[in-house]
Amino acid sequence: MAPNKLAERFYETWERCTDGESDPSPIWRVVQYRYSEPHRYYHTLGHIAQCLTELDTARDRIGEFDATELAIWFHDVIYNYGAKDNEELSAVAFKEHANGHMAPELTERVNQLILATKHTGFAEDEGVAYMVDIDLSGFGLPWEGYLADSDALRLEAPSEVSDEKYYGGKLRFLDELQSWDSLFQTPHFRERLEATAQANIARYAGELREQGFGELRAGGG
């Protein structure tokens, strides 16, 4: 999705969801600036575009389409490697722009969907399930796309984070994912992406172990 198309879509969504008194131009500039920060390689507008593409595949299945799209736009608007409060700060940023211009119930639902991308457990309702599945949909890309995303995530780690620390943590994360009954929680995304995602995870974890990272126990991903 070209950047100008992204801007156009953001404007349309923001105007559709607000009272007509909120100019989307300065908000878009903030969103564009944040996702273009120099420390970002994966958490960019490219990730947002990929999520929006997956959102559109489920357009007829998602009852809260606007809330889900707004949450996609803002769920990584604040991102710093290793921070535990990225999602909370992203939700705050959204509410700062939305309050007074958007229905309170919509604002609160978007806030809930943003926080759900912490991926802390089983989704409490179908709307949350779609949101977390969309955020994880990159696992189901063809191998080359999955590998490119994985390399981009590595580049976001500061230089002082060694390969041993980073990939040791990455392997523990992948092992946890493989322990789940399924990566995706909605039938739509399980049917479309589960098999490819599981193959990608198994292949990537296997390659890391072949490189000697499987014995590591310290560090983080």
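The values are calculated or read from the model by the stated rules, or taken from the named source; none is laboratory data. No experiment lies behind these values; they were computed from the predicted model shown. Neighbour counts are summed over all protein chains in view; Cβ atoms, including those assigned to glycine, are modelled from backbone coordinates with ideal geometry. Protein only, heavy atoms only, side chains kept; ligands, DNA and RNA dropped before computing areas. Shrake-Rupley method; radii C 1.70, N 1.55, O 1.52, S 1.80 Å.
Out of ASP76, ASP56, ASP85, I need the residue that is touching a residue at least 40 places away in the same chain (Cβ under 8 Å) and under 28 Å from ASP125 (Cβ atoms). Which one?
None of the other options fit; the residue is ASP76.
Within the bounds of the range 139-155, is there any residue that is touching an Asp or Glu at 6+ places or on another chain (Cβ under 6 Å), part of a helix (DSSP H, G or I) and closer than 23 Å to HIS39 by Cβ?
No.
Within the range 48-70, count every residue that is hydrophobic (A, V, I, L, M, F, W, C) and under 23 Å from TYR146 (Cα atoms).
6
Of all residues being closer than 19 Å to PHE189 by Cα and among the charged types (D, E, K, R) in the range 83-130, which is nearest to the chain's Cα centre (by Cα)? Just the residue, please.
Applying the filter and picking the extreme gives LYS118.
Name every residue in the range 130-173 that is of a type in the set (D, E, K, R) and touching a Gly at 6+ places or on another chain (Cβ under 8 Å), in order of residue number.
Those that are of a type in the set (D, E, K, R) and touching a Gly at 6+ places or on another chain (Cβ under 8 Å): ASP149, GLU164, LYS165, LYS170, ARG172.
Answer yes or no as to whether HIS97 is crowded, with 20+ Cβ neighbours inside 10 Å, touching a residue at least 12 places away in the same chain (Cβ under 8 Å) and farther than 21 Å from ARG192 by Cα.
Yes; evaluated as a whole, the condition is true for this residue.
Considering only residues that are open to solvent by less than 10 Å² (accessible area, probe 1.4 Å) and not in a helix (DSSP H, G or I), which ones fall in the range 76-94?
VAL77
Within the range 173-189, restricting attention to residues that are touching a Leu at 6+ places or on another chain (Cβ under 9 Å) and in a helix (DSSP H, G or I), which residue is nearest to GLU54 (Cα to Cα)?
Among them, the one singled out is PHE189.
Is it fair to say ARG192 is basic (Lys, Arg), under 30 Å from ARG61 (Cα atoms) and open to solvent by 50 Å² or more (accessible area, probe 1.4 Å)?
Judged against the criteria, ARG192 is a match.
What's the number of the only condition in (1) open to solvent by 40 Å² or more (accessible area, probe 1.4 Å); (2) among the polar types (S, T, N, Q); (3) at pLDDT 95 or above; (4) within 20 Å of GLY212 (Cβ to Cβ) that GLN178 fails to meet?
Of (1) open to solvent by 40 Å² or more (accessible area, probe 1.4 Å); (2) among the polar types (S, T, N, Q); (3) at pLDDT 95 or above; (4) within 20 Å of GLY212 (Cβ to Cβ), only one is false for GLN178: (3).
Can you name the residue in the range 48-75 that is within 16 Å of ARG192 (Cα to Cα) and outside any loop (DSSP other than H, G, I, E, B) and is also most open to solvent (accessible area, probe 1.4 Å) among such residues?
THR53
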